[in-house]
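Read the structure below first, then the notes.
The values are calculated or read from the model by the stated rules, or taken from the named source; none is laboratory data. All values reported here derive from a predicted model rather than from experimental measurement. Note: ideal-geometry Cβ built from the backbone for every residue, glycine included; neighbour counts use all protein chains shown. With ligands, DNA and RNA removed, areas are computed over all heavy atoms of the protein, side chains included. Shrake-Rupley method; radii C 1.70, N 1.55, O 1.52, S 1.80 Å.
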Amino acid sequence: MSNIQLTKEQEDTLIDMSLDARNYAYCPYSKFRVGAALLTDTNEYFKGCNIENASFGAGVCAERCAFQKAISEGHRKFIAIAASTDVDTYPTPCGICRQFMAEFGTDLLVLLVRHDRTAKTMTLKELLPEYFGPKDLEGMNK
């Protein structure tokens, strides 16, 4: 469990932004729209969407898209991310996204947002309990 608490306004903003981000998804192959919204420690928000490619491995997930936008603007500390799809279930980030996000801390709150705005909140540590991260590389090259 994380010590991080979101305000109602932060949670609503993350949910709304993730649902809006789905509208920008480029998914001509799967037709599976995903939107994400990321909150930084400086209370800035970044949206991301999934972007597919005919060379399937070249695509990027919505969660990583949001992170990459924030990182490219100099951010390195994150509070929460919301991910949404068009389905009735709570969408969980794929394994690559979980591993990518773990690079920046596992206390991250992850809001799993259904199309009807209901959300389930977990920590990244709950979604990826035994992760490989910077701690595993300590002592390398010595």
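Each residue of the range 86-100 was assigned a 3J(HN,Hα) from its phi angle through the Karplus curve 6.51 cos²θ - 1.76 cosθ + 1.60 (θ = phi - 60°); the sequence is 9, 9, 7, 8, 7, x, 9, x, 5, x, 5, 5, 4, 5, 4 Hz, with glycine and proline shown as x. Ligands, DNA and RNA are left out, and with a 1.4 angstrom probe the accessible area of the range 8-136 is 50 Å² per residue. By a straight-distance test (C-alpha under 23 Å), which lysines pair with Lys77 as possible cross-link partners, with residues fewer than eight away in the same chain excluded? The qualifying lysines are Lys8, Lys47, Lys69, Lys120, Lys125, Lys135.
Okay, helix-only estimate at 222 nm for the chain: each DSSP H run of n ≥ 4 adds -39500 (n - 2.57), divide by all residues, round to 500 deg cm²/dmol; what do you get? Taking each H run of at least 4 residues, the total per residue is -7500 deg cm²/dmol. Assuming a ≥ b ≥ c are the square roots of the Cα gyration tensor eigenvalues, decide whether the chain counts as rounded (a/c under 1.5), prolate (otherwise, with a/b larger than b/c) or oblate. It comes out oblate by the Cα gyration axes.
Spin-label model, Glu9 to Glu130: label points 7 Å out along the Cα-to-beta-carbon direction sit 4.3 nm apart.
If a/c stays under 1.5 just call it rounded; otherwise compare a/b with b/c (prolate if a/b is bigger, oblate if not). Do that for the range 68-109, with a ≥ b ≥ c from the square roots of the Cα gyration tensor eigenvalues. Cα axes put the range 68-109 in the prolate bin.
Annotation: amide H-H contacts under 5 Å for Thr123 (H modelled 1.01 Å from N, sequence separation of 5 or more, or interchain): Val110. Of the beta bridges in the chain, as assigned by DSSP with both residues counted there, near 75 percent are antiparallel. Ligands, DNA and RNA left out, the accessible area of the chain computed with a 1.4 Å probe is 52% carbon and sulfur. Each Cα pair under 8 Å and six or more residues apart adds its separation to the average, and for the range 36-136 the resulting relative contact order is 23 percent. Converting phi to 3J(HN,Hα) with the Karplus coefficients 6.51, -1.76 and 1.60 and the offset θ = phi - 60°, the range 35-52 yields x, 9, 9, 10, 10, 8, 5, 9, 6, 9, 10, 9, 9, x, 9, 6, 10, 8 Hz in sequence order, with x at every glycine or proline. Using the Karplus relation 6.51 cos²θ - 1.76 cosθ + 1.60 with θ = phi - 60°, the per-residue 3J(HN,Hα) values for the range 71-79 come to 4, 5, 9, x, 7, 9, 10, 10, 9 Hz, with x marking Gly and Pro.
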